[in-house]
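**Q** Sharing a structure here in structure tokens format.
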Amino acid sequence: MNDSKDTCREVIEFLASYLDETLEEQARSKFDAHLDVCPYCRDYMTSYEDTIRLARSTGSDAICDELAPLPEQLVQAILKSREP
Amino acid sequence: MTSLSIEESELLSALKRGDSDAYERLVREYGGRLYAAAYRVLGRETDAQDAVQDAFVSAFRALDTFEGQSMLSTWLYRITVNAALQILRKRRNRPERSMDDLLPGFYEDGHRKNPKPTWSPLSDERVQQEETRELIREKISELPEDFSNVITLRDISGLDTEQTAQVLDIEPGAVRTRLHRARQALRTLLEEEYAT
Ligand SMILES: [Zn+2]
């Protein structure tokens, strides 16, 4: 394979699909072959994956769904807002 | 055609009649989940409470026009997330960065311009630190809104592509494209922090 020509741009453009595993077989093998020879794209992929981990982790300290009751004061304030 | 369960239809009729108990039931039954959703977008309890309050106020006003084309819970959820995004917009206190500056550039031959030094994978511990979370929210707030909203809903809130498209009223294809761009831009903003 002649390698990095043009493919750095493609690899980076289709990274999300590659990681989602929604790329077609042929594109996928081309991708893998490129990653084998291109440290820049490997590095980019690592940092892109870390970016996703960081963003996902940012939402995971969330007050547990369902279990978090609305503070009583807020319930009252909301109900009061109905009054004309 | 209605998507409502019997229980939701009954509740909706009672709400439309102006039944106070129904209003209280609505707030108590759905409030917790909406609070959690708003909190995920905003990361702060007081802001999340404001979003939930704003959402119920809008929902009460719009009840007359709600015909049950979606589930009541889905409808409330959309209103709440949009209320949270509005608060997020008001909270922005950093200059917006241009996407052109944050997306990777390429030479004619397809090679990337100025690849920065290596980025070593971050430890779980580092990823989960409170200050890391704050940094991520801050950096996301520097992205243009079309992009920050999508990454906030998809990666932070954990909505899927379809749900995100519905909440933002855009096409699923636009969600996918903007998400990829937003992650790339955020990656560039984080490069200073994490590239070694
Ligand atoms: Zn490459």
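**Q** Would you tell me the mean number of C-beta atoms belonging to other protein chains that fall within 10 Å of each C-beta in B:48-60, as a whole number?
**A** For this peptide, the per-residue mean of nearby foreign Cβ atoms is 3.
**Q** Another question, if that's okay. Tally up the carbon and sulfur contribution to the accessible surface of the range A:4-80 as a whole percent, 1.4 Å probe, everything protein left in place. Please report the intermediate quantities before stating the final value.
**A** Numbers: 2080 of 4160 Å².
Result for the range A:4-80: 50 percent of the exposed heavy-atom area is carbon or sulfur.
**Q** Using Cα positions and a limit of under 19 Å, work out the aspartates and glutamates in reach of B:LYS16, with same-chain residues fewer than 8 apart set aside.
**A** A:GLU83, B:GLU7, B:GLU8, B:GLU24, B:GLU29, B:ASP64, B:GLU67
**Q** OK, next. So what does the Cα-only Debye profile of chain B read at q = 0.10, 0.11, 0.15 Å⁻¹, as log10 I(q)/I(0), no solvent term?
**A** -0.51, -0.60, -0.96
**Q** At R0 = 35 Å, how high is the FRET efficiency between A:GLU24 and A:SER60 if r is their beta carbon distance? Nearest 0.05 is fine.
**A** Computed FRET efficiency for A:GLU24 and A:SER60: 0.65.
**Q** Here is a follow-up. Label point 7 Å out from B:GLU191 along Cα-to-Cβ: which residues of the range B:109-142 have amide N under 20 Å?
**A** The answer is B:109-122, B:135-142.
**Q** Let me ask something else. So what's the gap between the Cα centers of the range B:84-141 and the range A:1-61, to the nearest angstrom?
**A** 17 Å
**Q** Enter the mean number of other protein chain beta carbons within 10 Å of the beta carbon of each residue in A:71-78, as an integer.
**A** 6
**Q** What's the center-to-center distance, using Cα atoms, between the range B:162-188 and the range B:13-56 in Å?
**A** The range B:162-188 and the range B:13-56 have Cα centres separated by 26 Å.
**Q** Between B:ARG97 and B:GLU138, what is the label-point separation in nm under the 7 Å Cα-to-beta-carbon projection?
**A** A separation of 1.3 nm, rounded to one decimal place.
**Q** Take peptide B:185-195, look around each residue's Cβ out to 10 angstrom, count Cβ atoms belonging to other protein chains, and average those counts. Present the calculation step by step, with values, prior to reporting the outcome.
**A** Working: counts 1, 5, 8, 2, 1, 5, 2, 0, 1, 5, 2.
What the average comes to for B:185-195 is 3.
**Q** Continuing with this model, one more query. Please give the FRET efficiency for B:LYS16 paired with B:THR177, using the beta carbon to beta carbon distance and R0 = 51 Å, rounded to the nearest 0.05.
**A** 0.80
**Q** Sticking with this one: Going through the cross-link list A:LYS30/B:LYS139; B:LYS116/B:LYS139; A:LYS80/B:LYS139, which pairs have a Cα-Cα distance over 30 Å in this structure? Provide the component values of the computation, followed by the final result.
**A** Working: A:LYS30/B:LYS139 33 Å; B:LYS116/B:LYS139 19 Å; A:LYS80/B:LYS139 37 Å.
Flagged as over cut-off: A:LYS30/B:LYS139; A:LYS80/B:LYS139.
**Q** Right, something else. Ignoring ligands, DNA and RNA, how do A:ARG28, B:ARG78 rank by accessible area with a 1.4 Å probe, largest first? Kindly include the intermediate steps, with their values, before the conclusion.
**A** Working: A:ARG28 60, B:ARG78 90 Å².
Of A:ARG28, B:ARG78, the descending order of accessible area is B:ARG78, A:ARG28.
**Q** Of the options B:ALA38, B:PHE60, B:ILE6, report the single residue whose Cα projects farthest towards the positive end of the charge dipole of the range B:6-91 (beta-carbon charges: Lys, Arg +1; Asp, Glu -1).
**A** B:ALA38
**Q** Using r as the Cβ-Cβ distance of B:GLU67 and A:ARG42, and R0 as 51 Å, what FRET efficiency do you calculate, to the nearest 0.05?
**A** Efficiency for this residue pair is about 0.45.
**Q** Spelling out what I want: for every residue of the range B:149-154, take phi, set θ = phi - 60°, compute 6.51 cos²θ - 1.76 cosθ + 1.60 (Karplus), and round to whole Hz; glycine and proline get x.
**A** 5, 5, 5, 5, 6, 6
The values are calculated or read from the model by the stated rules, or taken from the named source; none is laboratory data. The structure presented is a predicted model; accordingly, all values stated were derived computationally and were not measured. Backbone-built Cβ (ideal geometry, glycine too); neighbour counts: all protein chains shown. We work out accessible area using only protein heavy atoms, side chains counted, and drop any ligands, DNA or RNA first. Shrake-Rupley method; radii C 1.70, N 1.55, O 1.52, S 1.80 Å.
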